[in-house]
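Take this structure, written in structure tokens, and hold onto it; I'll ask about it next.
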Amino acid sequence: MSPGLLWLLGLYALPLLALVPLSLSEPLSRFGLETVFRGRVANYLEVLQAHGPILVRSFGYAGLATALGLVLAYPLAYAIRFRGGRWQPLLIGLVVLPSLSSYLVRAIAWTSLLGDQGPVLALVAALGLTGPLDAVGLLRDGRLLNTATAVILGLTTNLLPFLVLPLVVAMERIDPRLLEAAADLHASPWRCFVQVVWPLSRPGLSAGILLSLIPAAGDVVNPLFLGGPNDRMIANTIENLLLVQLQAPRAAALTLVLMALITLAVLLQLRGRGAQELPLP
Amino acid sequence: MAAPSSPGRPGGGAASGRGRRAFLRRLAWGASGAVLAPSLLQACGQGPKGHAGDGGGELVISTFPLYIDPGQPGAPGSVARFRTDTGISLRYVEDINDVRQFFARIQPQLAAGRPLAQDLVVLTGWMAERLIRLGWLEPLPLAQVPNARNLIPSLRQPSWDPQQRYSLPWQSGIAGIAYNIKATGRELRGIDDLFDPALKGRVSALLEMRDTMALLMLADGKDITRPTWAAAQPSFDRLEQARRDGQIRRFTGNDYQNDLLSGNLAACMGWSGDVAQLALEQPDLRFLVPESGGILWADVMVMPRGARHRREVAEWLNWVYDPIEAARIAAAVQYISPVEGVQQVLAKDPATAALARNPLMFPDAAERQRLHSFGPLSDAEEARWEERFARITEG
């Protein structure tokens with residue numbers, strides 16, 4: 001058995017399998033720890049019925065944050081790789097730098113920036129964009145904090161390094177002689193990008209999508225601090241089921257549903273593309 | 001009663017500067033939360049010296065953040081003074097964010113009959129009642145606490161501990177409405193004002209289910225001393241609709257303080273001591289006991305089963321029930337002190353005399369008539385209530 005498979009088995013498959021009996025159980029008492037296995041498949045149906053919309057919302061937010069992150073990350077990675085020159089290590093360091101501070105502290109800092117009296121809304125108002133942004137639903141009654149937009153922005157900024165780094169790595173692997181050859185054959189810069197850089201950087205794109213979509217779908221901090229009660233994500237629900245409602249079997253069922261969906265997304269992403277191609281940093 | 005995905009009843013932060021203070025408050029809330037930092041004390045049932053349940057000669061207290069007078073340069077806070085006065089090594093840990101989440105953290109050890117690292121824990125009255133019922137608390141060593149006689153009459157023989165064997169109140173307070181008069185543009189009078197469309201998106205309710213539901217039920221004219229599922233439905237419906245419509249911006253613990261200070265909220269459900277504190281920084285803030293009535297709550301000190309340091313616990317209880325020490329704490333946290341004589345101590349000092357006249361700290365008989373306590377819920381009822389409430393607060 002390869003080390004990779006052992007790793008997957010020990011740290012991914014086994015913990016999840018251990019949840020399966022719990023997810024089919026019932027608590028013996030309201031405040032006790034004991035549960036009894038009853039093969040209660042209804043736990044799954046109940047959590048899907050009660051929390052299905054939040055599950056959909058979570059993947060929606062994660063997908064939007066990843067898409068927005070890609071729009072930001074791709075040009076950034078391109079600039080670092082092809083325009084960075086001797087500043088390249090420094091630029092990569094700057095991309096990673098925010099990740100060195102606490103995830104929690106960053107979310108809390110965003111609450112100041114996105115608040116009703118904060119600089120972002122002041123800028124939006126100064127540009128006369130409050131009305132239009134409200135009309136398209138990016139602001140809620142002129143507010144930004146405690147909206148879906150704030151949650152997605154928070155997720156995006158947190159995910160950026162996970163998108164930029166695989167892209168830089170993938171672009172690093174592009175042989176500069178290919179670009180020279182394209183130029184020698186009179187390819188325009190745009191054609192050079194479309195026919196050389198883009199196809200060769202796609203493995204980085206795939207890796208980045210995986211590395212950002214997975215943590216984003218299970219994020220608990222951004223919806224808690226930056227969202228409102230209409231913007232909660234599925235991890236908040238699981239936390240509430242486990243720690244507040246003391247419904248461990250239902251929390252386990254919902255966790256397994258979430259993990260199954262994430263696994264499905266990963267498999268779809270890997271389909272048609274060998275995992276060995278992914279330039280994971 | 002304290003905050004659900006929230007911090008405890010806060011007290012006086014020493015930080016200066018509104019933004020910094022708000023940031024530090026929120027950080028204290030986040031850091032103490034089970035979100036990211038489950039208590040290390042609970043992590044493996046070990047005390048500071050690594051012996052299961054043995055505090056290693058050290059008195060360990062778990063409580064809410066910012067719930068005691070902080071130390072200042074040249075003026076040590078209560079924790080430091082207690083250590084000096086008694087020579088007892090005290091570890092005062094502000095690691096309780098939400099009593100329900102704290103319960104989930106201590107549940108595995110107590111259910112398995114293993115002691116916690118803590119000798120004393122500050123919890124809400126209703127949570128103390130649950131722990132008493134489960135047999136997870138030790139009777140307090142009240143024979144060694146002569147100052148316990150200073151407990152104010154209104155908190156004696158409480159519903160959660162009728163024999164007063166397992167708990168002594170830490171602080172008491174009122175749940176009501178906090179608002180910024182400049183943001184609302186008018187004085188508020190009752191719960192209905194929180195549903196005013198003019199305040200849409202600038203209102204919050206509490207994650208503490210009992211406080212939020214009790215305030216709403218009182219406004220609906222319901223009896224909260226004997227709460228029933230049927231009587232609560234209109235209030236649940238009203239809350240759910242307000243959440244859906246975006247009238248309610250957030251459900252909060254103590255973190256509504258930051259939003260009130262920073263202008264994100266115009267009005268909210270809140271706790272009296274918080275607002276008294278905040279009003280020192282922001283004079284436009286008001287606290288209101290709604291026309292329909294406010295909620296009287298109490299946080300209590302309890303000793304988990306298997307606590308090792310009974311003598312030290314008795315020393316602490318006796319020390320904080322001394323009116324002079326209690327007055328120092330009360331002056332910082334500005335809740336209703338459970339200790340008789342605090343009002344007189346505060347009145348004697350010109351620096352604190354105004355506090356002695358504060359009706360939120362020392363409500364008179366007429367004001368007390370307007371305060372109500374939420375009655376008990378059976379286990380099954382509580383589960384039902386929690387589930388519906390979570391559906392509303394968690395979207």
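The values are calculated or read from the model by the stated rules, or taken from the named source; none is laboratory data. Since we're looking at a predicted model, the values are computed, not measured. Here Cβ is always computed from backbone atoms with ideal geometry, including for glycine, and neighbour counts include all displayed protein chains. When the accessible area is computed, the model is the full protein with side chains, heavy atoms only, and any ligands, DNA or RNA have been set aside. Shrake-Rupley method; radii C 1.70, N 1.55, O 1.52, S 1.80 Å.
If you average 1/r across every pair of different Cα atoms in the stretch A:78-216 and take the reciprocal, what Kirkwood value do you get, in Å?
Kirkwood radius, the stretch A:78-216: 17.7 Å.
If you take each beta carbon of peptide B:381-392 and count the beta carbons of other chains within 10 angstrom, what is the mean?
Counting other chains' Cβ atoms within 10 Å and averaging over B:381-392 gives 3.
Still on this structure, I have one more. Give the average over all directions of the projected area of the C-alpha convex hull of the protein assembly as shown, one decimal, in nm².
34.1 nm²
Right, something else. As a test of reading the structure, rank A:192, B:268 by solvent-accessible area (1.4 Å probe, protein chains only), most first.
Sorted by accessible area, descending: A:192, B:268.
How big is the Cα convex hull of chain B in projection, averaged over all directions, in nm²?
The Cα convex hull of chain B, projected and averaged over all directions, gives 18.0 nm².
A further question on this structure: Where does helix B:272-281 land angle-wise versus the long Cα axis of chain B, in degrees 0 to 90, nearest 10?
80 degrees
Right, something else. Separation of the stretch B:275-335 and the stretch A:247-273 by C-alpha centroid, Å?
Here the two parts' Cα centres lie 45 Å apart.
Determine the percent antiparallel among the DSSP beta bridges restricted to the protein assembly as shown, to the nearest 5.
70 percent
What figure in square angstrom, to the nearest 10, would you give for the accessible area of residue B:195 with a 1.4 Å probe?
Counting only protein heavy atoms, residue B:195 exposes about 40 Å² to solvent.
Can I ask one more? Using only Cα atoms, find the angle between the long axis of helix B:18-32 and the longest principal axis of chain B, and express it within 0 to 90 degrees, rounded to the nearest 10.
Approximately 60 degrees, to the nearest 10.
Would you list A:184, B:274 from the most to the least accessible area, probe 1.4 Å?
So, going from the largest accessible area down, we get A:184, B:274.
At 1.306 mPa s and 10 °C, plugging the Kirkwood radius over alpha-carbon pairs of the stretch B:142-207 into Stokes-Einstein gives what diffusion coefficient in µm²/s?
In µm²/s, the coefficient rounds to 102.
Tell me the angle of helix B:379-393 to the major Cα principal axis of chain B, expressed in degrees between 0 and 90 and rounded to the nearest ten.
50 degrees
Now, a different point. Students sometimes get this wrong: rank B:349, B:284 by accessible area, probe 1.4 Å, all chains present, largest first.
B:349, B:284
What number, in nm² with one decimal, is the all-direction average of the projected area of the convex hull of the alpha-carbon atoms of the stretch B:200-331?
Mean projected area of the Cα convex hull: 11.0 nm².
Continuing with this model, one more query. Using the Kyte-Doolittle scale, which helices in chain A average at least -0.5 and also have C-alpha atoms spread 15 Å or more along the helix axis, with helices defined as whole DSSP H runs?
A:42-78, A:103-114, A:148-172, A:198-217, A:248-270
Next question, about the same structure. In Å and on Cα atoms, what radius of gyration and Dmax does chain A show?
Answer for chain A, Rg first and Dmax second: 22.2, 76 Å.
Summarise the partner chain shielding of A:216-229 as one whole number: the mean count of Cβ atoms from other chains within 10 Å of each residue's Cβ.
Across the residues of A:216-229, the mean count of other-chain Cβ atoms within 10 Å is 3.
Shifting gears a bit: Enter the buried accessible area of the A/B pair, total of both sides, probe 1.4 Å, in Å² rounded to the nearest 100.
3500 Å²
So, taking all protein chains as they sit and a 1.4 Å probe, how much accessible area belongs to residue B:244, in Å² rounded to tens?
Surface open to solvent at residue B:244 totals about 140 Å².
Then there's this: So how much accessible area does residue B:340 have, in Å² to the nearest 10, using a 1.4 Å probe?
90 Å²
So, for the stretch A:21-141, what is the accessible surface per residue at a probe of 1.4 Å, expressed in square angstrom?
55 Å²
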